[in-house]
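Here the structure comes first, spelled out in structure tokens, and everything after it is commentary.
Read-outs: derived from the displayed coordinates by stated rules, not from any lab. As the structure is a computational prediction, the values presented were derived from the model and not from experiment. Positions of Cβ are backbone-derived with ideal geometry, glycine not excepted, and every protein chain shown enters the neighbour counts.
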Amino acid sequence: MVRWDMEISKDHPRYRSLVTRERMSRLVDEGIVAPTGLIAHGRGEAFDYLLGERTIPVADAAARVAAAHLLEASHPVISVNGNATGLCAEALISLARAIPARMEVNLFHYSTERVERVCRYLEAAGARDLLGRRQESRLDGIASDRARCATEGTYQADVVLIPLEDGDRAGALARAGKVVLAIDLNPLSRTAAESSVAVVDELTRAVPNIERHVNELRDRPEERRALISDFNNARNLERMRKAMCALLEPAPNK
Ligand code: PTJ
């Protein structure tokens, strides 16, 4: 493999994006991020441009509803893959503690060695009681290895948070009767459409936002239930698509 040294200037207008790309690419070498995870990341970056790379109010409202579901759940689980680990391990661990929820490593590109690497990475970042090394159960209706899951985790969960998920698994989780909370920058994805709540926002912004809402809603059960019953995911996605289209419109009188 050809290696390179790259110093990214802090003055570069896309400093943060470049640093993240370099980290994700290094994490491919370490077996944490799958090579195709870089393609998924690039697609996410493109959609984030259409949001102006910021959390818009519609997305934050969905993050609040996701927080309400996580607090109302009797068995909430956060499902974690390679990209989510590479992008925001610490924030996901912090969110899991705040709820509290179990974290389960669930990989699309599965091997026992890769699961072990991802688990160790998360544990070095502070994760405890991780699930995913043993996956004794299977979700019906998925052909891929992603059908595997931990009995104590996703299999028994009533609410599952899925950052950056593929559409097949999101659909299978929904058909299994679970409340599916997705974080996905693509409002047209099957994952966004199949989920109960799609937070259309960048993962590293969405996860701390959800945690902030968890802390605000902790002692407000009535508000939580009202948020959940008033939410409509199809309407949420339509608003997100409109917001993205609006950003593509030419500025008036220019
Ligand atoms: O680590 P593994 O083996 O489990 O593989 C993980 C990937 C991401 C490769 C796998 O789940 C996959 O193929 O995902 P997809 O089907 O490409 O979907 C990824 C979705 O996440 C796309 O709709 C992207 O727009 C979106 N996305 C990418 N980066 C971000 C994102 N959404 C939010 N924040 C991001 N940073």
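Observations, loosely collected:
- Relative compactness, the chain, computed as alpha-carbon Rg over 2.2 N^0.38 Å: 1.00
- Under 5 Å, built H, 5+ apart or other chain: amide partners of Leu139: Arg148, Cys149
- Ala251/Asp158 FRET efficiency (R0 41 Å; Cβ-Cβ; nearest 0.05): 0.35
- Footprinting exposure proxy ranking of Glu104, Glu30, Glu113, fewest other C-beta atoms within 10 angstrom first, gives Glu113, Glu30, Glu104.
- Residue-count net charge about Asn186 - beta-carbon cut-off 12 Å; Lys, Arg +1, Asp, Glu -1: -4
- Where both bridge residues fall in the chain, DSSP classifies roughly 10% of the beta bridges as antiparallel.
- Comparing Arg114, Arg128, Arg16 in a Gaussian network model of the chain, where Cα atoms under 10 Å apart are tied by springs, the biggest mean-square fluctuation is seen for Arg16.
- Cβ-Cβ FRET estimate between Arg134 and Asp29, R0 fixed at 25 Å, reported to 0.05: 0.40
- The protection proxy used here, the mean number of other Cβ atoms lying within 10 Å of each residue, ranks peptides 129-141, 72-84 as follows, highest first: 72-84, 129-141.
- The chain - mean residue ellipticity at 222 nm from DSSP helices (-39,500 (n - 2.57) per run, n ≥ 4, rounded to 500): -16500 deg cm²/dmol
- Within segment 43-86: backbone nitrogen closer than 20 Å to the Ser229 label point (7 Å, Cα to C-beta): 62, 64-74
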